[in-house]
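The values are calculated or read from the model by the stated rules, or taken from the named source; none is laboratory data. Please read these numbers as outputs of a predicted model, since none were measured by experiment. Note that each Cβ is placed from the backbone with ideal geometry, even for glycine, and that neighbours are counted across all protein chains shown. Accessible surface areas use protein heavy atoms only, side chains included; no ligands, DNA or RNA. Shrake-Rupley method; radii C 1.70, N 1.55, O 1.52, S 1.80 Å.
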Amino acid sequence: MAKDGPPNSASTHTTALEALMIKCAPHGQAGRAASRAIRSVESSGQQYARIPTFPSLQSQAMARPSSASATDKPPSDKPRVDRHYVEARLRNVSLRRGGRLVLDGVNWTIRPGERWVLAGANGAGKTQLLKLICGAVWPAPGADARQYIWRGEVWCTPQEVQEEIGYLGPERQDKYERYGWNHSAAAVVATGLFRTDIPLEEPRACELRRVTAMLRRLRIESLGSRRFLTLSYGERRLTLLARTLISRPRLLLLDELLNGLDEANRRRALRWLESTGRSRLPWVLSTHRAEDVPASATHALVLEHGRIVYRGPMRERPLGRWLGSKGRHAGRSRAPSKPRTLPPRVGGRGRTGHMRGGKVLVRLSSASVHLDGHAALQDVSLTVRSGECWVVHGHNGSGKTTLVRTLYGDHGVAVGGRIERAGIRPGVPLQQFKRRVGLVAPHLQSEHPQYLTVEEVVQSGRHASVGLNDPPTSADRAAARRAIALFELEALATRTLRELSYGQLRRVLFARAWVRRPALMLLDEPFSGLDAPTQHDLRERLEPLVAEGTAVVMTVHRRSEWPACCTHELELAQGRVRYAGPARGPARSL
């Protein structure tokens, strides 16, 4: 995390952040009771309609000075039993989801002072393993034991220590979208003090000061008054990281923390992880990228098909074998050595991607978009033609997701601007345009009910719907089978979404987007959470689409994610266009 003090104050900054984490969570019975109550309501599947919004929270929080102290010292490394942090032990633990063995005979101990990197391909079981540790899922019958050592006592279930475990992953972020929890970012961070998902009462002044301090530590104080669902994907991730840290976790589980972060915020997150080398706080970070491994990591655990293939010190087994695009263990996710040739499109346009003057599919003219009073896009002009592949890039909060959702029709353009879509005139339902568009976006993963099967989700792409309003036709089934085969999802076709890993579900969304052979593909951070072979495979699958005449607009953070078929780029900064035109070449670095 970036320093707030003078150039030579790294040591003071680290201990200040650690002191802040230690001080930021009450342990009263009221907080625990509220946490149990909200988990009970959540498990019933209810949504929350009448929740206090605390209108005074943002202004009070931003006005209070930080009270963090830099006097606390990191615990000593000498004691073998550390009463201040949680030790987790798994003994021959297995997990089944939907009757399928997801984890098989896992033995693992996470001790205070250890910092683990968790690696493996999409579907290897990483997320399920972290959820098993924090108590979100239960092991298969016959599993030996889960044990937690906390304050000198041994607990045989995670319930007794659950409030001491901080877990942050994509599913928690998706929950806010699913239930429509749209409190301010400051209010979301404050819920970490009480271990609740939503605000239940207005925080006290001392608690607001802690919120302010944490926002400042992560350098996101400007987000405090913003509503959570108006934030970009990366801004939401940082907000939830602040919520997790302010709860003063005694064991920290981070599932793909760095996904969706721009380079500056990624460096801040890595810097914070590296600063924990002075503490005995144990943590686990799952990742797909070798460059996202913090220097402070002490141990590594690698999963393949639910089994441990390596567990031990980092220095004894470099992770290059499993992370990145090289090495025989680099994420075996059934990605083919070369992309399949797409079935011929009836009336296809040929290689219009290499021709000038393609048909205009969507055009923005001096378009501005406001979300909850915030100017997310300002005076943007853009024309997308058939056969073009646009890469949209910029920092977190620059407006990339808003642009994609505006093109799709989820957001309206303010007066004075204009959006034109091919074939859509006054009186023509916008749904007709959406049926000609393939959409891949993080919010779709949260909106689809978890009980739907892969087949049903892909079939829904024929109607641009979330789920199926009517029984699928024979044409729907046939088109879905073709898309499932093209993206090599046959083995997953009858599984429900709750049985899939985050990366597997992203591949399902690609099949859903392709099922109608769309004229326009809108891809919002499509490669987030994917292992290297799957990313490579999906990028290559875009090339024949563009060559046939399909237009693609995709948002990315890393230059390595640009497809070879990129023809144009759009650079955004604070909602404004910094550059729009032909791609400026592979030498450009984001």
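Things worth noting here:
- Inter-residue pairs, beta-carbon under 7 Å, first of a type in the set (S, T, N, Q) and in segment 293-305, second open to solvent by less than 40 Å² (accessible area, probe 1.4 Å) and assigned to a strand (DSSP E or B), 6+ apart: Ser296/Arg115; Thr298/Arg115; Thr298/Pro313
- Residue that is within 26 Å of Gly529 (Cα to Cα) and among the charged types (D, E, K, R), where the choices are Glu420, Glu488: Glu488
- Qualifying positions in segment 199-246 - among the aliphatic types (A, V, I, L, M) and in a loop (DSSP other than H, G, I, E, B): Leu200, Leu218, Ile220, Leu231
- Residue match in segment 412-432 (condition: open to solvent by less than 10 Å² (accessible area, probe 1.4 Å) and in a loop (DSSP other than H, G, I, E, B)): no
- Any chance Arg210 is more than 20 Å from the chain's Cα centre (by Cα) and at pLDDT 95 or above: yes
- Taking the criterion of being modelled with pLDDT of 90 or more, under 19 Å from the mean Cα position of the chain (by Cα) and not polar (S, T, N, Q), the residues of segment 273-291 that qualify are Leu273, Trp283, Val284, Leu285.
- A residue that is touching a residue at least 60 places away in the same chain (Cβ under 8 Å), among the polar types (S, T, N, Q) and either under 21 Å from Arg539 (Cβ atoms) or surrounded by 14 or more Cβ atoms within 10 Å (Cβ to Cβ) (or both) cannot be found anywhere in segment 458-472.
- Any hit, segment 552-564, residues being among the aromatic types (Phe, Trp, Tyr), within 20 Å of Lys434 (Cα to Cα) and either open to solvent by 10 Å² or more (accessible area, probe 1.4 Å) or in contact with a helix residue (DSSP H, G or I) (Cβ under 8 Å, 6 or more places away or on another chain) (or both): no
- Residues of segment 429-472 that are among the acidic types (Asp, Glu) and within 21 Å of Met554 (Cα to Cα): Glu447 alone.
- Just one residue in the set Val508, Val546 is more than 23 Å from the chain's Cα centre (by Cα) and open to solvent by less than 10 Å² (accessible area, probe 1.4 Å); that residue is Val546.
- Qualifying residue in segment 416-426 (condition: of a type outside the set (Asp, Glu), at pLDDT below 90 and touching a helix residue (DSSP H, G or I) at 6+ places or on another chain (Cβ under 6 Å)): yes
- Figure legend. Inter-residue proximity from segment 373-394: first residues free of Cβ contacts under 8 Å to residues at least 40 places away in the same chain, second residues surrounded by fewer than 22 Cβ atoms within 10 Å (Cβ to Cβ) and charged (D, E, K, R), beta-carbon distance below 7 Å, spacing 6+ or different chains. Indicated pairs: Thr383/Arg363.
- Breaking point among (1) open to solvent by less than 20 Å² (accessible area, probe 1.4 Å); (2) more than 20 Å from Val362 (Cβ to Cβ); (3) in contact with a helix residue (DSSP H, G or I) (Cβ under 8 Å, 6 or more places away or on another chain), for Asp537: (3)
- Scan of segment 460-490 for residues that are modelled with pLDDT under 95, touching an Asp or Glu at 6+ places or on another chain (Cβ under 7 Å) and within 18 Å of Arg506 (Cβ to Cβ), ordered by number: Val466
- Members of segment 217-268 found to be among the hydroxyl-bearing types (Ser, Thr, Tyr) and within 14 Å of the chain's Cα centre (by Cα), listed by number: Ser232, Tyr233, Thr239
- Filter result for Leu377 (touching a helix residue (DSSP H, G or I) at 6+ places or on another chain (Cβ under 9 Å) and more than 26 Å from Ser501 (Cβ to Cβ)): yes
- Residue among Tyr167, Tyr179 that is crowded, with 17+ Cβ neighbours inside 10 Å and either modelled with pLDDT of 90 or more or of a type in the set (Ser, Thr, Tyr) (or both): Tyr167
- Only one of Arg227, Arg267, Arg278, Arg250 that is out of contact with any helix residue (DSSP H, G or I) (no Cβ under 8 Å at 6 or more places or on another chain) and open to solvent by 20 Å² or more (accessible area, probe 1.4 Å): Arg267
- Selection count where residues are within 12 Å of Ser225 (Cα to Cα) and either open to solvent by 10 Å² or more (accessible area, probe 1.4 Å) or among the charged types (D, E, K, R) (or both), scope segment 182-214: 2
- Residues within segment 138-164 that are open to solvent by 20 Å² or more (accessible area, probe 1.4 Å) and either closer than 27 Å to Gln450 by Cα or in a helix (DSSP H, G or I) (or both), tallied: 10
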